[in-house]
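The values are calculated or read from the model by the stated rules, or taken from the named source; none is laboratory data. The structure presented is a predicted model; accordingly, all values stated were derived computationally and were not measured. Please note: Cβ atoms are built from the backbone with ideal geometry, for glycine as well, and neighbour counts cover all protein chains shown.
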Amino acid sequence: MHAESTTQPIQGSIKPRKKSRWAHVVSKVKRDKHYYILMAPYMIIFFAFTVIPVVISLGLSFFYFNMLEFPRFVGWQNYSRLFLNDDIFLISLKNTFLFAAITGPVSYIACFIFAWIINELSPKIRAFMTLIFYAPSISGNIFFIWLIVFSGDSYGYLNGILMKLGFILEPIQWLSDEKYILTIVIIVQLWLSLGTSFLAFIAGLQTIDKTLIEAGAVDGIKNRWQELWFITLPSMRPQLMFGAVLQITQSFAVADIAIALAGFPSVNYAAHTIVTHLMDYGTIRFEMGYSSAIATVLFSLMIGTNLLTQKLLRKIGE
């Protein structure tokens, strides 16, 4: 009896095997399958029209491809040509950096300040003011009215006012003089910048928990600026991140406004940007490998700037 009892396994001595990580992932997918089914149409479209074209463009940047001949591998030749032999690209790079450095931060801060001010108004006035500020960004080609403002004859609004006041004696060719072109494009872009980011900031301000403000007053928040830094901005991190991505993308991807106001190409390439350079080689010259290299450089600049901005936004409220 004693010998038989020693050979029997002790109850509870065998531990259950842990699930592998793959099994855990599979079980989680099965559990949340309804969410994945709902996300599937968007993800399919996103991968088909965004991720896959980006990957193809990255690979194509190492080839010579004119859409008539079979792609020919050239290695880093497109990139060396871009930075060492293409003076116009260097001009467009300088213009794009200058444009982004001004319009990106200024429009981002302006979107938040106007949203913060409008949020303090009554609901009816807030809705009206939101429509007023947002309207220029949804009005299509409304920036063409700036062609009348900056017209190079005496009938242009700006020339007419300056001549009437005696500041100038003859009309200034605002859109044909390289000294003024980029400044005018920046002004018009800032005028159009209160778009989706502006709405996102207003939505974020509406969702802030009022009890946090009351608790902050108890904990020593003394004025609105401290409330803004320690409560409002940290509570709006998702909206701030979303707005930053949009503003960075818009500031680096400017093209339509520059073409509409300054022409294509502009005088001495004064308003030439990376995107207009990309359009030149991609849609006019059909040098698809070279244009893919330009697109890759632009994509890298956007990604790098976004990562830097996200790192800065994480420090808000610390």
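Could you go through the range 230-237 and let me know if any residue there is within 18 Å of the chain's Cα centre (by Cα) and more than 14 Å from Tyr134 (Cα to Cα). Walk me through it before giving the result.
Narrowing the range 230-237 to residues within 18 Å of the chain's Cα centre (by Cα): 236-237.
Subsequent filtering for residues that are more than 14 Å from Tyr134 (Cα to Cα) retains 236-237.
Yes; the residues of the range 230-237 include at least one that is within 18 Å of the chain's Cα centre (by Cα) and more than 14 Å from Tyr134 (Cα to Cα).
Going by the structure shown, is Glu178 free of Cβ contacts under 8 Å to residues at least 40 places away in the same chain and either surrounded by 14 or more Cβ atoms within 10 Å (Cβ to Cβ) or over 26 Å from Ile109 (Cβ atoms) (or both)? If you could, list the steps in order and put the result at the bottom.
Numbers: free of Cβ contacts under 8 Å to residues at least 40 places away in the same chain: no; either surrounded by 14 or more Cβ atoms within 10 Å (Cβ to Cβ) or over 26 Å from Ile109 (Cβ atoms) (or both): yes.
For Glu178, the condition - free of Cβ contacts under 8 Å to residues at least 40 places away in the same chain and either surrounded by 14 or more Cβ atoms within 10 Å (Cβ to Cβ) or over 26 Å from Ile109 (Cβ atoms) (or both) - is not met.
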| Among (1) of a type outside the set (Asp, Glu); (2) free of Cβ contacts under 8 Å to residues at least 24 places away in the same chain; (3) part of a helix (DSSP H, G or I) - the single one Ile172 does not satisfy | (3)
| message | Contact list please: Cβ distance under 8 Å, first residue in the range 230-250 and more than 26 Å from Gly216 (Cα to Cα) and β-branched (Val, Ile, Thr), second residue at pLDDT below 85 and crowded, with 22+ Cβ neighbours inside 10 Å, pairs at least six apart or on different chains. | response | none
| query | Can you tell me which residue in the range 280-304 is nearest to Ser57 (Cα to Cα), limited to those that are buried (at least 20 other Cβ atoms within 10 Å of the Cβ) and among the hydroxyl-bearing types (Ser, Thr, Tyr)? | reply | Ser292
| field | Test for Tyr290: is it under 30 Å from Ser92 (Cα atoms), in contact with an Asp or Glu (Cβ under 8 Å, 6 or more places away or on another chain), touching a residue at least 12 places away in the same chain (Cβ under 8 Å) and aromatic (Phe, Trp, Tyr) | value | no
| task | Go through the residues of the range 285-296 one by one and say whether even a single one is outside any helix (DSSP H, G or I), more than 19 Å from the chain's Cα centre (by Cα) and of a type in the set (Asp, Glu). | result | yes
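Could you tell me how many of the residues in the range 253-279 are within 16 Å of Ser291 (Cβ to Cβ) and either aliphatic (A, V, I, L, M) or surrounded by 19 or more Cβ atoms within 10 Å (Cβ to Cβ) (or both)?
Final tally of qualifying residues: 10.
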